[in-house]
Structures are given as structure tokens and as C-alpha cells.
1. Cβ under 11 Å from N249's Cβ, N249 left aside: what net charge do those residues give with Lys, Arg +1 and Asp, Glu -1?
2. Need the full-extension length gain, A303 to S147, defined as separation in residues times 0.36 nm minus the C-alpha distance. One decimal, nm.
3. Separation between the E157 and D112 pseudo-spin-labels, each 7 Å from Cα along Cα→Cβ, expressed in nm?
4. In nm, give the distance between the simple-model label positions of K81 and R98, each being 7 Å from the Cα along the Cα-to-Cβ direction.
5. How large is the convex hull of the C-alpha atoms of the stretch 1-152 per residue, in Å³?
6. Let me cross-check F117: its accessible surface, 1.4 Å probe, with only protein heavy atoms counted, in Å² to the nearest 10?
7. Only sites in a loop by DSSP and with at most 10 other Cβ atoms within 10 Å count here; which GluC sites (Glu not before Pro) in the stretch 77-169 make the cut?
8. Any idea what the relative contact order of the stretch 304-346 is, in percent, if you count C-alpha pairs under 8 Å spaced at least 6 apart?
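The values are calculated or read from the model by the stated rules, or taken from the named source; none is laboratory data. A quick note: this is a predicted structure, and the numbers were derived from the prediction, not measured. Here the Cβ positions follow ideal geometry from the backbone for every residue, glycine too, while neighbour counts run over all protein chains shown. With ligands, DNA and RNA removed, areas are computed over all heavy atoms of the protein, side chains included. Shrake-Rupley method; radii C 1.70, N 1.55, O 1.52, S 1.80 Å.
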Amino acid sequence: MTKNSSVGIKRLEGIHWYVRDLERSRQFYAGKLDFAETWRSSPDLVTQGRQDAVCFAAGNIQVVCSSPVGDGGRAARFLAKHPDGVGTLTFEVEDVARTFALIEERGGTPIDDIQTFTDDGGTLRQFSITTPFGDCTFRFRQRDGFSALWPGAVPVEQAGGGNKFGFQDIDHVTSNFQTMKPMLLWLEHVLGFEQMWEVEFHTSDVDPKRKTGSGLKSIVMWDPPSQTKFANNEPSRPFFKSSQINIFNEQLRGDGVQHVALTVGDIVGAVRGLRTSGVTFMPTPGSYFDMLPERIEHSGIKAIDEDIKILRELEILVDGDHHHAYMLQIFLKEASGLYKDPAAGPFFYEIIQRKGDRGFGAGNFRALFESIEREQQQKPGRAFCSIACAPATSRASITSSCAAPAASSATRNASRATGSRARTRSSITCAGHTRSGSRGTRSRTAGRRRSRSMRARSRSATTGRAPSPCQARRSTPERRCCSTTT
């Protein structure tokens, strides 16, 4: 079967939020993350579109937040059905006419024809399409000297925000589905994306006798020319309903974007500053860092530049699989937990620094689980609900089960590491090399699928242009308090 070519995406330009409280968003992005407020809708556009919009920017990241002004606008319609969430992803493309033609020819559904806008600086041509995940649309833009970020936007004076934390780019977008196959096929056959790898995880893989549990299936698709990556998750049985993927969808009231990973140049300095600024992160048990030196040695990383004492202090996670090549990551608390408001939605951000490793933090699954087990052994009878449920104040279905010994939210940190590469009895293939088992033994198995029953799996990228080699370790089970999230 002939592979569909790329539609010409240059980059993921930004994300468009629909929010109920624009001032709260301003306080978060400009006040806490030090993003600059760069553009906002003109008064005429606010009246015409019945919504006010503001852009917050840092590095190459553009976040547009729109809030309803009366009824009938796109923001109002979205928020009538959902809590705050991502309603549009915007892509810059090389040739918008070619992109439109390819998408329509392949069965995509344009919302409108190509629209052309001009200003003193040049021309902007754009169109939007529907997608298989909920009410989130995709917009494609070609810029030829057009100065405004969007038609009808005006620059904000005294924008402020010096990006003192060093945000750089959008690394990847993770979305949750009740069933992800339509999205995978759509990405492949309409947009020309390729499968990078797949993984399946369930707590029952480790302990089949568990009466409760959580699981997921995850497949990452990417566009090699632009390096745009989408991780796609769905719940898995048994205990489908208690999967954090399902819980997220219930809270969002549909499929949609779960989190966006933002890169920084110095995660230690960024996290230290963000904590001082009042940003709240998911906590990690101290025993994770007790075991970290051994993990670094056995994983193949051997040495890292950072002081583990500082990583412990800031609760930054480490993962990688070959000599002095690793990544550092940490997760913010989800919006509903940050604001103590269910209407703020279950979305969250990940902050990541890559130092030679282009994976997604899979090794942290098992490492965090082992650290939780160690904590429970050292403090018998203690339920870690204060940790596990703290960021999920709006998740009654989770917090109500906290009477049982619970996994720390650090487990959810691990499972939030989208595209996790390591699972029990798994083999992870990347760039044509498969690493099987918990010790990461290599074998050439590109294109081979492993049969299994309730166990982890992964499959090779369909292209030789995949990122750097992936590692393989065993997956992390968790006790039923917080469900799995990737």
C-alpha cells in the first residue's frame, strides 16, 4: 500500500484554548509562567465573533485563550458542552493550497474554503477542518509577511513577560480517546502521519489477582518532516471505567487534548523559578530519588550533569537509555486542581528538557512504582492518599477509593510520561532496533508484532527517521487510588 505523503506541515504554531475566565488565564501565563501577552482581538472582532481572545507567547510557543462575550460564539458553544479545554490546534504549512487539496482528496472534512486576509505586512491564507477527537479542530495557515497573529488581532502594548524560565517549543501533544483507532487512521490516511511506536500497559500485567486496577493503550503518530508528534491514548480492560484515560474523558465530556509538553533549556532553573512563582507540580516520593543512582547506572545513562540532591529538592524525574543521553521531566498539576475548580478542566502541562534522549520517560513507570512500594513498606498501614489524590480534588471517582493503600501521584507522573517506552515483558522498537525485557537487550525486529495477552507491547516506527533509540524496562503497576494517565 502506498504511503500518503506529508501535507506540508512546517510546525505546530500554537494551541487555542476556550476558557471561562480570561483574567485567570492571564494571571497563569503572564503572571506565573512569564509568557508575554502579545496579541488580542480588536473591539470589532470581539463584537463580530462574540468572544475575546488574547495570545500569550514564550519562545516558539503561542497560546491563544478565548472567552465568550455573550452567546453564539465558538467559545460559548464549546464551553456549553465542556470544561475549559483546547479547541483548536494551529499549524503553519508550506503551501496552503496543496495542503487543502491533499486533505480534501484523502477524505478530510474542511469547515471552510481557503480564506485570504491581507494587511500592510502581507498575506495570510488559512482554512480549518474537523477532526476525529471531539470538538477540537485543526487550522492550517500559510504566512507571507502577514504581521498579525490572526486576522483582526491587534498588538498589545507593554506586553511584559520576558520568558525568564526559558520556554522554547511544543515537544508533543497527548490526547485521550474512548477508542483511538479512528484518530490513528485519520492521522495516517488524511494527514500522512506515520506510526512511531505503540505500547499497552495494565496493572493486571504485574498482579493478575488485583481486584481493582487501571490500564491504557498508547500509540504515537508523527510527521517526520516537521517533527510534530501526537500521542494517542485509550483505556484498556479490565477496569476500563477506572482508567485515568476514561476518567479524563468523563471530566472533559468527550475526547480531547490531555496535555502539552513544553521544552526548556534549563529545567532545574526553570522549575526552581516556577515554584517560587507559585506554580504547583505533581509530587514525587523521596524514595524515587533514593533509587535514582542505581537506575542511572543500570539504564545505561551512567552519569548525568545534575546533582541528584537538587533533583530531589525540585522533584524532577530522569529517564534515558544510553551513555550520558537522558531527559528530565516534571508535570504541573491539572487545571482543575490548580484552581480548585472542576470547570477549569483536566488539562495539564509537562515541562521537559532533552539531553540526547528523544523518548517520553517510560523508565519512570517502574521506578516510581518501586519507590511507592518502598514507601509503603517503610511506613506500613499508611495510605498515600494525601499525595495520590491531592491533584485530583475534582475526581470523586478516584478519591472515593482512597481507603485502600494507594499509589502516590508520582505513579500518575510516570504514566503521564506520554509514549512510555517500557512495559512488563515488553519490547520497544525505535529506529529499527528492539530492546526486549527489563535489561534492554537489543535485537533486530523491525516490523514484527508480538502476540500477547494483557501485557505491554510496542512496535517499531514505520520509518528509519525515528528519533534516537528508545529504552525498554518493565511497566509500572499501581494500587487503585489514582488511575493511570499518559
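1. On the way: positive: K241, R253; negative: E234, E250, D255.
Its environment carries a net charge of -1.
2. Details: separation 156, 0.36 × 156 = 56.16 nm, distance 4.59 nm.
My answer for the length gained is 51.6 nm.
3. Label at E157, label at D112, 3.0 nm between them.
4. Between K81 and R98, the label points sit 3.3 nm apart.
5. On the way: hull volume 19.6 nm³, N = 152.
Roughly 129 Å³ of hull volume per residue.
6. Solvent-accessible area, nearest 10 Å²: 60 Å².
7. Numbers: sites: E92, E94, E104, E105, E157; in loops: E94, E157.
For GluC sites (Glu not before Pro) across the stretch 77-169 that sit outside H, G, I, E and B with at most 10 neighbouring Cβ atoms in 10 Å, the list reads E157.
8. On the way: 30 pairs, mean separation 10.4, N = 43.
Once normalised by length, the contact order is 24 percent.
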